[in-house]
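Worksheet: the structure to be examined is printed underneath.
The values are calculated or read from the model by the stated rules, or taken from the named source; none is laboratory data. These numbers come from a predicted model, not from an experiment. Here the Cβ positions follow ideal geometry from the backbone for every residue, glycine too, while neighbour counts run over all protein chains shown.
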Amino acid sequence: MPKSRTRGVARTPSRTDTPGQLAERQRSKEIRVPAIHDLAKRLRFAPQQGRIWLDDQRMMLMHISSLGALRQELIESLGKETARGLVTRIGYQAGSRDAAMTRKVRAGSNRYDDFLAGPQLVSLEGIVHCEPNALDIDVERGHYFGDFSLIDCAEAEAHIASYGIGNESVCWMLIGYACGYTSAFMGRPILWREIECRGMGHAKCRVVGKPVEDWDDPQDDLRFLQIGDFVKWSLEPQAMLPATSRIAERLANAPENSFGVVGISAGFNTVCHMVNKVAPTEATVLFLGESGVGKEVFANNLHRLSKRADGPFVAVNCAAIPEHLMESELFGVERGGYTGATSSRPGRFERANGGTLFLDEVGTLSFTAQGKLLRALQQGELERVGDTRTRKIDVRVVAATNVNLREAVKAGQFREDLFFRLNVFPIQVPPLRERRDDIPLMMNWFLQRLAKKHGKLITGFRERAVDALISYGWPGNVRELENMIERAVILAEDGGALDLCHLFTTGEEIDVSSFMLKRSGNIAPLGEPVEPAPPSTLAAGIPGLAETEAAMLHAAVAEANGNLSLAARVLGISRPKLAYRLRKYGIPIERD
């Protein structure tokens, strides 16, 4: 990475410089803070859904008095040391998440502006107003020094309301945030300390940050980041990001986790928790949920986490096998067992012996197959079609269905005794529309994997594409999301970003009922119907999806001189689809 130095700093501070000396020498040098509009545009309100989004992160409004009551209860019930550690680690995770977002929002900006997005975000989030006193960054050398004043800190206000003025700093969450944000930004542990605090009677709070090894007695502060299994810090100069627990790592970096899927929503974590609980046992598991939610993925990982992990995992889609072949596929067949059976062969149960058999769409089994499946589950034995010999099997059955089996039992379409045999440990996998917090992580995960698969360089998603993907209803769930992103990767230009015209190309209905923060500070609705915008307004940052799409269509037709076939190729959609959308927005078709 090329060396990057910030403006507003006369020279690189030495380790002998005290924070006060450095800040005093440089206080007269103004540090230019970039405009906050690019960050403010990422704040979206969807009151009909009960959601607030900051880019791809779900946010919430909270009363300062409630924060103060929570801090007080933590302190009184856990003790100050434990409470401070907990609050600091929460801030650390938030800072790590925001660092990942700012790298995407200000990609291509100078390093100075990139970093200052973090202090601006805590201002946008209503936590505190930050003013830089001194800032020096050299990522290549791993050097960092920051000195910031914190004006009107909400955390200090909450603490003072409960405990008054004391003799210790109280901005614990902000310190954790600064540590998480700067460490993720620099790629090495950066420790911050609060040297002035309103909670101690100062007029404002003030924090200083630099690499861990540059501090005297850093363990005095690091202990608040090391309680439990959240964050482990290294004092080695060459250390990169602190090694984190699985929870913190998922929040900070959103990598592929131990389940082979990504997610941070409550629904996702509930499923993971239940899979972890039942995996070491021999219980029969029934995954319930709509088509495309990833039931087979969870079943596969349940097997991987079980004692049978060294055995085979055999999956069968019961709906894809003809009814007259179902029994032979599941239980095997002896030579001559039926017309065309010229040789003996084992069924899926025998092939899964010692491992796990996954029965997808188990609700489609015939009554005859259901009876034999029930016997295999109860007795641990089976008979091949056309055979008289009973064979012992050692198989763990994991089933899945998108059918309400209780209703199927009532309708006489599914055996009640088999239902109770399968329903030992049911796990409900929620649809994607009920765990929208997972969508941004899945977007990035699928983009990376599919871009690599197709040998293309895709830089990311346009802001309007993020809005649409988060707001869309996803009737096809995770499978539909993966297919849509794969199609978009194929359509997009190499080295470019995915846009609306690459994603929603097969008639999907987009309904965006959300709001954005305007520069004036007012909240304005997104997606209101508008008149077709001229091409010149496309670069003006029109917020509405409908307005943006109309402008894109108008621009493409104009660029193609009215040739719809050429305009459709430019947009990456079919000509009929383009014609339909032009009529939808009332854009005149001059010629073809």
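Numbers below:
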read-out: Residue match in the range 404-415 (condition: more than 23 Å from residue 304 (Cα to Cα) and modelled with pLDDT under 90); value: no
read-out: For residue 73: the one exception among (1) more than 27 Å from the chain's Cα centre (by Cα); (2) in contact (Cβ under 8 Å) with a residue 40 or more places away in the chain; (3) part of a helix (DSSP H, G or I); value: (2)
read-out: Flag if residue 346 is touching a residue at least 12 places away in the same chain (Cβ under 8 Å) and either farther than 21 Å from residue 285 by Cα or not charged (D, E, K, R) (or both); value: yes
read-out: Leading residue by the ranking (surrounded by the most Cβ atoms within 10 Å (Cβ to Cβ)) among those in the range 210-234 that are assigned to a strand (DSSP E or B) and at pLDDT below 85; value: 231
read-out: One residue from 90, 127 being assigned by TED's automatic domain parsing to the domain that holds residue 196, closer than 25 Å to residue 204 by Cα and without any contact (Cβ under 8 Å) to a residue 60 or more places away in the chain; value: 127
read-out: Pairs with Cβ under 6 Å, 6+ apart, first in the range 94-110 and closer than 17 Å to residue 123 by Cβ and part of a helix (DSSP H, G or I), second among the hydroxyl-bearing types (Ser, Thr, Tyr) and modelled with pLDDT of 80 or more; value: 94/177; 95/177; 95/181; 98/181; 99/181
read-out: Residue in the range 557-592 that is modelled with the lowest pLDDT, counting only those that are under 34 Å from the mean Cα position of the chain (by Cα) and assigned to a loop (DSSP other than H, G, I, E, B); value: 572
read-out: Residue match in the range 436-454 (condition: assigned by TED's automatic domain parsing to the domain that holds residue 283 and over 18 Å from residue 295 (Cα atoms)); value: no
read-out: The one condition in (1) part of a helix (DSSP H, G or I); (2) in contact (Cβ under 8 Å) with a residue 12 or more places away in the chain that residue 375 fails to fulfil; value: (2)
read-out: Tally of residues being surrounded by fewer than 16 Cβ atoms within 10 Å (Cβ to Cβ), touching a residue at least 40 places away in the same chain (Cβ under 8 Å) and out of contact with any Ser or Thr (no Cβ under 6 Å at 6 or more places or on another chain) across the range 37-57; value: 3
read-out: Residues of the range 449-499 satisfying the condition of being farther than 24 Å from residue 434 by Cβ, modelled with pLDDT under 85 and of a type in the set (A, V, I, L, M); value: 497
read-out: Test: residue 452 is without any contact (Cβ under 8 Å) to a residue 40 or more places away in the chain, in a helix (DSSP H, G or I) and of a type in the set (Lys, Arg); value: yes
read-out: Some residue of the range 561-582 being within 20 Å of residue 487 (Cα to Cα), touching a Lys or Arg at 6+ places or on another chain (Cβ under 7 Å) and of a type in the set (Ser, Thr, Tyr); value: yes
read-out: Residues of the range 276-295 that turn out to be in a helix (DSSP H, G or I) and at pLDDT 90 or above, as a count; value: 3
read-out: In the range 304-347, residue modelled with the lowest pLDDT [restricted to those that are surrounded by fewer than 17 Cβ atoms within 10 Å (Cβ to Cβ), in a helix (DSSP H, G or I) and not basic (Lys, Arg)]; value: 324
read-out: Hits in the range 453-506 (condition: of a type in the set (S, T, N, Q) and touching a Gly at 6+ places or on another chain (Cβ under 9 Å)); value: 459, 471, 477, 483, 505
read-out: Residue match in the range 381-402 (condition: more than 28 Å from residue 428 (Cβ to Cβ) and in a helix (DSSP H, G or I)); value: no
read-out: Selection from the range 93-110 of residues that are more than 12 Å from residue 54 (Cβ to Cβ) and at pLDDT 75 or above; value: 93, 95, 96, 99
read-out: Selection from the range 402-439 of residues that are closer than 13 Å to residue 266 by Cα, in contact with a Gly (Cβ under 9 Å, 6 or more places away or on another chain) and buried (at least 18 other Cβ atoms within 10 Å of the Cβ); value: 429, 430, 431, 432, 435, 437, 438
read-out: Subset of the range 460-470 (residues that are more than 8 Å from residue 498 (Cα to Cα) and touching a residue at least 60 places away in the same chain (Cβ under 8 Å)); value: 463, 464, 466, 467, 468, 470
read-out: The one condition in (1) in a helix (DSSP H, G or I); (2) under 17 Å from residue 498 (Cα atoms) that residue 554 fails to fulfil; value: (2)
read-out: Identity of the residue in the range 492-502, more than 18 Å from residue 445 (Cα to Cα) and in a helix (DSSP H, G or I), that ends up farthest from the chain's Cα centre (by Cα); value: 501
read-out: Residue satisfying condition, being within 14 Å of residue 222 (Cα to Cα), of a type in the set (A, V, I, L, M, F, W, C) and at pLDDT 90 or above, within set 190, 175; value: 175
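Residue-wise test of (1) not in a strand (DSSP E or B); (2) not acidic (Asp, Glu).
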site: 144; (1), (2): no, yes
site: 149; (1), (2): no, yes
site: 155; (1), (2): yes, no
site: 161; (1), (2): yes, yes
site: 179; (1), (2): yes, yes
site: 207; (1), (2): no, yes
